[in-house]
Amino acid sequence: MHYGLYGDPDRDRERFTRYVPTVKGTGEDSMFAKKSTHVHAYVSRVGQDRTALVSQLPHRFAWAWNRHDMDAAFADFEDDAVFVDVRGTWHGYEEIVNEHDALHRTVFANSTLAIDDVRLRLITIDSAYVHAEWTLTDAGSDAELVRRGTLIFVVARQGSAWRVFAAQSTGSL
């Protein structure tokens, strides 16, 4: 099975990393294109399914978050993944899930996460980072609280699956 123009994965990877360093924006090349998940045309020839799977990651995360199912939210994370947010740094799948389970029993018990925008940048043919803008709504208090922030996932393809190796969430508390 081959993914690119030459039929040789090594040669395709070299061409890909040399000629496709950015995501296409609106009229100009930019690392992050506003409201765009369209990736340079060569990526389509390399394999649209690759980018589609990766760009859906934040939406799967939000779906599981809204069910307060942290096992599902972090299902794409490697066993030794790292997660960073304003509360600290958590190492490993189990620690990440346990910390978020505790938060979803208290602070985030009534929260709803919406993904507003997803931007993708392929680093190589088998690695990428995903930048997602989010809105968190908490209906648990008298006045509805709305927070906004950013999630960044660093991912790599292993076999047919994309796995998260690191993630960071920034935003207001």
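Label sites at Arg163 and Glu99, each approximated as a point 7 angstrom past Cα along Cα to Cβ, lie 2.0 nm apart.
Our coupling estimate for region 111-120, obtained by passing each phi through the Karplus curve with A = 6.51, B = -1.76, C = 1.60 and θ = phi - 60°, is 8, 10, 9, 10, 8, 8, 7, 10, 10, 10 Hz, Gly and Pro reported as x.
Backbone amide hydrogens, once placed in the peptide plane, bring Gln56 within less than 5 Å of nothing, excluding anything fewer than 5 places away on its chain.
A 1.4 Å probe run over the protein chains yields, for region 95-173, 46 Å² of accessible area per residue, whole-number rounding.
The values are calculated or read from the model by the stated rules, or taken from the named source; none is laboratory data. These numbers were taken from a predicted model, which means no experiment stands behind them. Positions of Cβ are backbone-derived with ideal geometry, glycine not excepted, and every protein chain shown enters the neighbour counts. Side chains are part of the model used for accessible areas, which takes the heavy atoms of the whole protein and leaves out ligands, DNA and RNA. Shrake-Rupley method; radii C 1.70, N 1.55, O 1.52, S 1.80 Å.
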